[in-house]
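Heads up: the structure comes next, in structure tokens.
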Amino acid sequence: MKRTVFSPSRSGMILTYAILGLWAVIILFPLYWVAITSLKLPIAVFAGPFYVPFLDFQPSGHAWKYIFVDVRRDVFRPYANTVFVATVSSLLALLLGSSASYALARFVFRPKVGVIGLFIGCVSIAAFATYNGVPWIVAVAGAAASYILLFLGLARRFRKTLGNSDIAFWLISQRMLPPVVVVVPIYVMFQQIGLLDTLTALVIAYVAANLPIVVWLMRDYFESVPIELEECAAIDGATRYRILFSIVLPLAVPGLVSTFLFVLVFSWNEYLLSLFLTGARSQTLPLMVAGQNATRGPEWWYMSVLILIMILPVIGLAIALDRYIARGLLVGAIKG
Amino acid sequence: MPKSILVDLPAVRQSAELNSAPVPLLERLEASLNRSAGFVLLMPAVLLIASLAIFPLFISLYISLARLKFIKGGFELKFVGLANYAKLLVGLDREHFVGRLASPGWIGWSSYALLVCLLGWLFLNYWQRGAVHASGVVWRLLGCGISLLIGWYMVHTLVPNGRPGTVIVTLLFVFGGVGSQFLVGLGLAILCAQHFAGRRFFRVVFLLPMMITPVGIGYMFRMLADTSKGPLKPLWVLLGLENTSWVQSAWGARAAVMVGDFWQWTPFMFIVLLAALESQSVEEVEAAVVDGATFWQIFRHITIPAILPVSSTVVLIRMIEAFKIIDLPNILTNGGPGTATESVTLHAYSLWRRLDIGGSAAVGYLLLVLVTFFAVSYANFIRPRHTVE
């Protein structure tokens, strides 16, 4: 038996079970209530609280039939959208984010402040020119040309540099940014390039929103992979990409799994960005369910079915992979 | 030495020839790609963040200083200076954003005095520690000033005659929520750190709420809050409250939102703190037990220092996330009654719906300022020193 910090007495044990049991009831009861409400007939909902199927009320599958047969089309589309957007954006965020955090763990970056400023300046000039009616191809080409010219001329003169930790902090600190601050310009941007109300737009936005989490969680795993292994592989002639994809990533699978889970759940539940960026075509599940507010407000039996099909996949994930989730959380908290 | 002349000349010549022979383009490309691997791996992430977070941040600043109108096939911007901000902070929308002020009673004034004392004590503490820098003093004075301003509005709006605006409501959700979640999560984690049968069950159950879509939680708690048909009816009848509607009274609605948030996020605190408790050293505690330390002594002198770094980080993370709250109040109470449960993000969304795009951006920017202020002051001034690397 593993030694633990606190060794409780018998009465303490009973108290512990009582409190934890109470908390478990507090957590499970709302879920139970939704589950049985989905099996109730309207009369059983309106006549007052009934708690136990078969004893208090006769369960019926009418709400499930309605959702899965009668309005199948309206429900299936947001569901498929959510599955697609959550999976694709999580995989992309994992790919981009773990590449970036691997690069930050293994390469030395010394970007010059002046060069970054130059880049930002040229981008702003291009944006300003486009806004004032210059065709965007001309603006971008002009900005790129002037950036290259200025870079060649001035790059040597800049002295002040940033380090890896600055870049990592900058990437991770984007988590602090409330999405509502940037969603209006993103809306305008997507509108200009005709991506509004498409799944692509959502995927792009979600990848950007989740990248900071991935970088933050994966940095620690990469730092714990022994560098000797990579040196051996490099001596044997493997390229950096080969090293990353066939040695480092396989070793970091636990970290990848827990990070993937987090990002997946975040994208699955995401509300604000899809509220702004989607219309009827690319609507996601949380938005569809939230929209039922007006039409099905008091029709709790249908609502319960919708809530259940929305939350069951994430609950399943949580139960199947709880170890990974707890581990990912702890790494995040300690390294933060 | 003759021997060195016997070096295998043909081999040397051959390798020299190989080197001078033109290397295929593909191989050269591969080699240069390999040399710049770090750049290639890092750049996509940096560019994506720059184009979807930093660039929009600048644009948003400009939009917040302008009036934006969507016209056919594009948009039209008119620069209006600080008008959007002035409207929110001192103008027409002040009551919505900040709140309606009323004279605080003696409770209000005494809590304000308490805040002043607390800030003074923190500042004095810093002064006495030596190591005083000019920039440190300036930043701290700025922090104190903003805290005093926010505190001023809080005591003036959170009184019976006043009405808190969206900023104050959001701060209430953040501090009330994070504080209660941390305390209950810590208590449960201490209980669960003992060794007993069925721990995995509790851990999995406690994990569930934080995975669930907040939209679903909003509806769930709307069902539970129903006093006439909801499952808690017997309880309300017992308390004589069966005909009250929680979502009709301002504080009832706020309580409902906070209960929902509490239900969802206490488990997060619990799981992280449990892991921190489990990783503290058993030997230290055993030594203390042998020396005759009581439970409270052990808790005060061994457990708290051991979990302090994790605790302060987890509070920071939750605080930052809590400022972004929107889905729960939007579903549970629709921001109402009136604007009683409207968070800042929801306020920005409602302005957007009314096509006041500039105002929406200004609200968003003020939220950013607020989050940054609290996160930075917490990380620099309040968070215990030794956790900072």
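Would you please classify the overall shape of the stretch B:116-159 from the alpha carbon gyration tensor, given that a ≥ b ≥ c denote the square roots of the eigenvalues, rounded means a/c under 1.5, and beyond that prolate means a/b larger than b/c while oblate covers the rest? Judged from the Cα gyration tensor, the stretch B:116-159 comes out oblate (a/c at least 1.5, b/c at or above a/b). For the stretch A:10-113, the spread of Cα coordinates along the three principal axes comes to 71, 56, 22 Å, biggest extent given first. By the rule of a C-alpha distance below 16 Å, with chain neighbours fewer than 8 residues away ignored, the aspartates and glutamates paired with residue B:87 are B:95, B:356.
Pairs of Cα atoms in the stretch A:178-332 fall into 10 Å distance bins, from 0 up to the last occupied one, in shares of 9, 27, 28, 23, 9, 3, 1 percent. Diffusion of the stretch B:201-337 by Stokes-Einstein, at 10 °C in a medium of 1.306 mPa s and with Rh set to the Kirkwood radius over alpha-carbon pairs, works out to 90 µm²/s. Annotation: amide H of residue A:57 within the under-5 Å range of A:52, sequence separation 5 or more or interchain, hydrogens built in the peptide plane. Only one residue of A:277, A:304, A:61 has its Cα farthest out toward the positive end of the dipole of the protein assembly as shown, where Lys and Arg carry +1 and Asp and Glu -1 on Cβ, and that residue is A:277.
For chain A, give the magnitude of the charge dipole about the Cα centre (Cβ charges: +1 Lys/Arg, -1 Asp/Glu; no others), in debye to the nearest 20. Don't skip to the answer; put the middle values down first.
Working: 24 positive and 14 negative charges, 126 e Å.
Approximately 600 debye in magnitude.
Longest exposed-loop-site-free stretch of chain B, with trypsin sites (Lys or Arg not before Pro), DSSP loop and at most 11 other Cβ within 10 Å? After excluding every exposed loop site, the longest remaining stretch is B:130-353.
Estimated purely from DSSP H runs of n ≥ 4, each contributing -39500 (n - 2.57), the mean residue ellipticity at 222 nm for chain B is -21500 deg cm²/dmol once divided by its residues. The loop-placed chymotrypsin sites (Phe, Trp or Tyr not before Pro) in the stretch A:38-116, going by DSSP, that have at most 15 neighbouring Cβ atoms within 10 Å of their Cβ come out as A:51, A:54, A:107. Under a Gaussian network description of chain B, with springs only between Cα atoms under 10 Å, the residue in B:215, B:344, B:174 that fluctuates furthest is B:215. Scaled against 2.2 N^0.38 Å for its residue count N, the alpha carbon radius of gyration of the stretch A:55-151 is 2.07. In the stretch A:115-188, the C-alpha radius of gyration followed by the widest Cα-Cα span (Dmax) gives 15.6, 40 angstrom. For the chain pair A and B, the interface hides roughly 9700 square angstrom of accessible area in total, found with a 1.4 Å probe.
In debye, nearest 20: dipole of the stretch B:288-389 around its Cα centre with unit charges on the Cβ of K, R (+) and D, E (-)? Intermediate results must be reported in sequence, preceding the final value.
Working: 7 positive and 6 negative charges, 17 e Å.
Result for the stretch B:288-389 is approximately 80 debye, rounded to the nearest 20.
Just to confirm the filter: which trypsin sites (Lys or Arg not before Pro) across the stretch A:126-226 are DSSP coil and have at most 11 other Cβ within 10 angstrom of their Cβ? Walk me through the numbers on the way to the answer.
Numbers: sites: A:156, A:157, A:159, A:160, A:175, A:219; in loops: A:159, A:160.
Here the trypsin sites (Lys or Arg not before Pro) that fit, given the DSSP loop and packing criteria, are A:159, A:160.
Its convex hull of Cα atoms gives the protein assembly as shown a direction-averaged projected area, equal to a quarter of the hull surface, of 44.9 nm².
For the set A:40/A:65; A:40/B:229; B:229/B:324, the pairs lying more than 23 angstrom apart at their alpha carbons are B:229/B:324.
Could you size up the charge dipole of the stretch B:209-328 around its Cα centre, putting +1 on the beta carbon of Lys and Arg and -1 on that of Asp and Glu, and report it in debye to the nearest 20?
Details: 7 positive and 10 negative charges, 137 e Å.
Using only the charged Cβ atoms, the result is roughly 660 debye.
The C-alpha radius of gyration of chain A, expressed as a fraction of 2.2 N^0.38 Å, stands at 1.30.
Could you tell me the convex hull volume per residue, in Å³, taken over the Cα atoms of chain B?
Numbers: hull volume 139.9 nm³, N = 389.
Considering the Cα atoms of chain B, their hull volume per residue is 360 Å³.
Each of A:86, A:17, A:35 was placed along the dipole of the stretch A:1-96 (beta-carbon charges, centred on the mean Cα), and the one lying farthest toward the positive end is A:17. Of the residues B:174, A:324, A:233, the one whose Cα sits farthest toward the positive end of the charge dipole of the protein assembly as shown, with +1 on the Cβ of Lys and Arg and -1 on the Cβ of Asp and Glu, is B:174. Calculated mean residue ellipticity, 222 nm, chain A: -23500 deg cm²/dmol, from DSSP H runs (n ≥ 4) at -39500 (n - 2.57) each, averaged per residue and rounded to 500. For the stretch A:230-299, list log₁₀ I(q)/I(0) at each q in 0.13, 0.20, 0.23 Å⁻¹, using the Debye formula over Cα point scatterers of equal strength and ignoring solvent, two decimals each. The computed values of log10 I(q)/I(0) come out as -0.61, -0.85, -0.96.
Mean separation of Cα pairs under 8 Å and 6 or more residues apart, divided by the residue count, gives chain B a relative contact order of 21 percent.
The values are calculated or read from the model by the stated rules, or taken from the named source; none is laboratory data. What you see is a predicted model, and the numbers here were worked out from it, not measured in a lab. Backbone-built Cβ (ideal geometry, glycine too); neighbour counts: all protein chains shown. In case anyone asks, the SASA skips ligands and DNA or RNA and just uses the protein heavy atoms, side chains included. Shrake-Rupley method; radii C 1.70, N 1.55, O 1.52, S 1.80 Å.
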